[in-house]
Amino acid sequence: MRVPRAFVEEARGRCNPDEECAALLFGAGDAARRWAWMENAARSPVEFRLDPERVYRAIADAEQLGLELVAIFHTHPGAPVPSPLDLRHMAMWPVVWIIGDVRTMELRAWRLERGVLREVDIYIS
Ligand SMILES: [Zn+2]
């Protein structure tokens with residue numbers, strides 16, 4: 001998964017431990033080119049929930065630009081490894097899931113393939 005450095009810089013600037021922060025990344029293939037920050041409707045430091053209406057609108061806007069949803073990003077208060085709840089959502093949204101440790105902004109990327117969790121290499125450029 002290729003992620004623009006500018007995205008990581010923005011994440012460092014806006015994500016904090018008060019609540020998990022989230023974004024949708026758009027692009028083509030394994031390269032993210034644009035992103036949309038999403039409000040965490042759960043307002044929780046340990047969980048995130050997205051407003052389906054806003055998700056739909058962000059995806060529709062990206063499609064107008066010829067881009068598709070390639071990854072879902074959110075932060076964790078600790079290790080950037082999918083939680084049991086993440087795994088349930090990953091089954092419904094079969095794109096790459098990028099998780100950032102909010103303390104260090106270490107990013108790891110994951111994909112659920114036929115029920116098997118696999119780590120995806122991440123390249124920041
Ligand atoms: Zn999570």
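Readers should treat all values here as calculations from the given coordinates under stated rules, not as data from a laboratory. This one's a predicted model, so the numbers in the text were calculated from it and none came from an experiment. Neighbour counts run over all protein chains shown; Cβ positions are idealised from the backbone, glycine included.
Points to keep in mind about this one:
- Global form of region 1-72, assessed from the alpha-carbon gyration tensor, a/c cut-off 1.5: oblate
- Label-reachable residues, region 94-111, where backbone N falls under 15 Å from a point 7 Å from ASP121's Cα toward its Cβ: 109-110
- Across region 2-124, Cα pairs under 8 Å and at least six residues apart give a relative contact order of 24 percent.
- Beta bridge orientation in the chain: antiparallel %, DSSP, nearest 5: 70
- Nearest-20 debye value, region 13-75 charge dipole, Cβ charges on Lys, Arg, Asp, Glu: 140
- Extension reserve of the GLU63-VAL95 stretch, reckoned as 0.36 nm per residue once the Cα distance is removed: 10.0 nm
- Under the shape rule built on the C-alpha gyration tensor, where the axes satisfy a ≥ b ≥ c, region 2-124 is rounded, since a/c falls short of 1.5.
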